[in-house]
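Worksheet: one structure, shown below.
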Amino acid sequence: MTQCFVRWRSHCERLRMLLTIVLMLCAVPGFVLAAVTIDEHHLDLNLSQQLLLLEDQDDELDLAGAMAASAEGLFQPVGDDHLQLGYGNSAYWIHFRVHNNLIEHSVEGAPDRFYLTVDYPLLDNVEFYHVHNDHTYSMVTGDIYLFNQRYFSLNSFTFPFALQPGESGDIYIRIFSSSSLFFPIKLQSEQAFIDDQFQINSFDGVYIGITIGLGIYNLFLWIGIRNRVYGYYVLMVFSIMLFNTSITGLTFRFWPDSLFFQQICVYFFSFISGILVILFGMAYLQTNTSLPRFHRLLQLLAVMCAVCIPLLFYIPITTSAKLTAALTIFVAIILIIAAIWRLAQGYRPAMYYCLGQGAVIVSVMFTALTSQKIIPLYHIAPEVMKWCSAFELILFSIGLADMVNNERRMREQAQQEAAKAQEQLLGSQIRLNQDLDKLVTLRTQELEIANQQLRDLNVRDDLTGLRNRRYLNEALPNEYKRAFRDKMPLSVLILDIDFFKQLNDTYGHQFGDHCLTEAGRILTECTRRPPDIAVRFGGEEFVIILPSTDLEGAQLVAEKIRTAFENNKIEHGGETALITVSIGVASETPSSRDEHESLLRMADDLLYQAKAKGRNRVECVGGKSSSLSAN
């Protein structure tokens, strides 16, 4: 009995489908569009005005009903270049006919494969039907379905279908979503689809590379400097990256079993980003001390964003979208007003914040207005938000550097003002009371000690731990005069790390910085005499000053350094490399007081000779300053 009922129902369904097709063939439709033809000149098509659209306000139509409506001419042509329907409660049906006119085929005798892509991953429900030769092939997807249930594990919704050469087929698509309805459709041949996916992945890779690079770089600064503004920046970078990649559907693959979070993740990361943007803005603009009223308002907005996060689990998606847009625009406007105010107060780093936050306001307002169909071009809104946020993060990173420099300039100005005030006070005390001479002398000595400590900090290279070029400019003339006075030899070594630029290009600047740190360690170990001086001259170039050392001794030191570099394996971040150095050695017993520059140039010329002769070698010259001989 049950089998008879199933057979009777199957026959009824086939009869209904047959009657629908007959009606389609016999009826005079209100609108007839030419079939979308795929040939050698049209392998990648963006469809809009080639489509017919039907609004199903009561959400009652199935495929048979849609086919019947098409036969009755109820579908309307799409007049816009991009099919954007805004927010609403209706379902929509789309219909078009596709014709395979390809001459060359991927496999002879087999049907050609085509791919229809709906490039908007926030749609709730997308049903695809391919009606061909009395057969119907269907697929369904959307963000209310698990990511693992998609036909392809891609950000967008992709539907494959096949047609024999010269054949045609009807495509019906039903869409429904609680978010803004935007429907960008691509129809592509198999090769065009593969090429397009490669291009999309490349652009996503560039954006993710920029954000991760900025995040990691500032993470190390945060660890080193321990300034909370860098911590806020790092967290903000990664939250904004998650927000933008959620808009494009890239992050759905990371929670493939969570349907609900898949639907709210865009708004979830939007509010998380809002909190971190506010915290970063308060720390960067220093609103606590400079703009206390703005500071309290921003604290309130951060609390509001935090409260909105649990609300996402209870309110409708449409409400979440509108709440996110409204709060994001308001926060961005308040932050840019605060930044302009700080800029008017003379805080120069606020300029970068104004530019970056201005870009965000433009992107957010553009997205909000286009999603409500107030202005067109909603199809580019995700890309606008993504690249505006990248521009913002880059400017904020530059601004952080300028903020550090600004703080340094303020400290130096304060030190100068303090020194000037100290001198004035000192003079007044001397004039008013000679009995305070001892106290004045004591204060002066303390100031000199502080200045000496400050000078020691200013003449040391932070990366290598060696003395810097400023120290060399003072030490070399003094050592040269001392050698002239004592009639003792003075030797200078200039060394350069071989192929350092290639090393940076191959392994990255962090690896290069680690190599420079290792170079500083090696030079420190090879110059243990108290009078010897090791200096980072600039970049990957170093200078060694060896007082009371003749050419033979200098050559031994140079060879020791060269061998130490050659035998030292550099390991950092999972990468390994060997580095070598080329060394120029010049030695003389000075015959005048002020010829130290010539000795330095002589060592530099020998360095270039060492490089010209193949690198990883020592070139020497020595003798009196008046008659130098090459060895």
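The values are calculated or read from the model by the stated rules, or taken from the named source; none is laboratory data. Just so we're clear, the structure is a prediction, and the values are computed from it rather than from any experiment. Glycine gets a Cβ as well: all are built from the backbone with ideal geometry, and neighbour counts include every protein chain shown. In case anyone asks, the SASA skips ligands and DNA or RNA and just uses the protein heavy atoms, side chains included. Shrake-Rupley method; radii C 1.70, N 1.55, O 1.52, S 1.80 Å.
Quick look at the values:
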quantity: Cα convex hull of the range 469-620 - mean projected area over all directions, nm²; calculated: 8.5
quantity: Two-decimal Rg to Rh for the range 450-526 - Kirkwood Rh, Cα set; calculated: 1.08
quantity: Too-long pairs where the Cα-Cα distance tops 21 Å, listed order kept, from Lys501/Lys560; Lys487/Lys560; Lys487/Lys611; Lys560/Lys611; Lys386/Lys501; calculated: Lys501/Lys560; Lys487/Lys560; Lys487/Lys611; Lys386/Lys501
quantity: Sequence of Phe484, Phe128 from largest to smallest accessible area, 1.4 Å probe; calculated: Phe484, Phe128
quantity: Dipole moment magnitude, nearest 20 debye, the range 227-408 about Cα centre, only Lys, Arg, Asp, Glu C-beta charged; calculated: 280
quantity: The range 36-197, relative contact order [Cα under 8 Å, separation at least 6], %; calculated: 35
quantity: Computed log₁₀ I(q)/I(0) - Debye formula, equal Cα scatterers, no solvent, the range 119-209, q 0.13, 0.19, 0.23 Å⁻¹; calculated: -0.52, -1.03, -1.31
quantity: Solvent-accessible ranking of His42, His95, largest area first, probe 1.4 Å; calculated: His42, His95
quantity: Residues whose placed amide H lies under 5 Å from that of Val36, excluding near-sequence neighbours; calculated: Arg97, Val98, His99
quantity: Scattering curve values for the range 36-197, log₁₀ I(q)/I(0), Debye with Cα scatterers, q = 0.08, 0.13, 0.19 Å⁻¹; calculated: -0.22, -0.60, -1.32
quantity: FRET efficiency, 1/(1 + (r/R0)^6) with R0 22 Å, evaluated for Ala414 and Leu442 via beta carbons; calculated: 0.45
quantity: Tail fraction, Cα-Cα pairs, the range 227-408, threshold 27 Å, whole percent; calculated: 25
quantity: Point-to-point label distance, Glu383-Asp594, nm (Cα→Cβ direction, 7 Å offset); calculated: 6.4
quantity: Förster radius 45 Å - calculated FRET efficiency between Phe254 and Glu55, Cβ distance, rounded to 0.05; calculated: 0.80
quantity: Under Karplus coefficients 6.51, -1.76 and 1.60, residue-wise ³J(HN,Hα) of the range 582-593 in Hz, glycine/proline x; calculated: 10, 10, x, 10, 10, 9, 7, 9, x, 9, 8, 7
quantity: Alpha-carbon gyration tensor eigenvalues x 5, square-rooted, for the range 152-309, Å; calculated: 42, 20, 12
quantity: Global form of the range 390-518, assessed from the alpha-carbon gyration tensor, a/c cut-off 1.5; calculated: oblate
quantity: Size of electric dipole in the range 111-157: Cβ of Lys, Arg +1 and of Asp, Glu -1, about Cα centre, debye, nearest 20; calculated: 140
quantity: Debye log10 I(q)/I(0) for the range 253-320, one point scatterer per Cα, at q = 0.13, 0.18, 0.28 Å⁻¹; calculated: -0.46, -0.71, -1.15
quantity: Residue among Ala162, Gln197, Leu53 farthest towards the positive dipole end of the range 36-197, charges placed on Cβ; calculated: Gln197
quantity: Karplus-derived HN-Hα couplings along the range 49-54 (A = 6.51, B = -1.76, C = 1.60, θ = phi - 60°), whole Hz, x at Gly and Pro; calculated: 6, 7, 9, 10, 10, 9
quantity: Dipole in debye (nearest 20) - the range 469-620, about Cα centre, beta carbon charges: Lys, Arg +1; Asp, Glu -1; calculated: 260
quantity: Karplus-derived 3J(HN,Hα), 6.51/-1.76/1.60, for each residue of the range 541-546, Hz, glycine and proline x; calculated: 10, 10, 10, 10, 9, 10
quantity: Relative contact order for the range 227-408, counting Cα pairs under 8 Å that sit 6 or more residues apart, in percent; calculated: 21
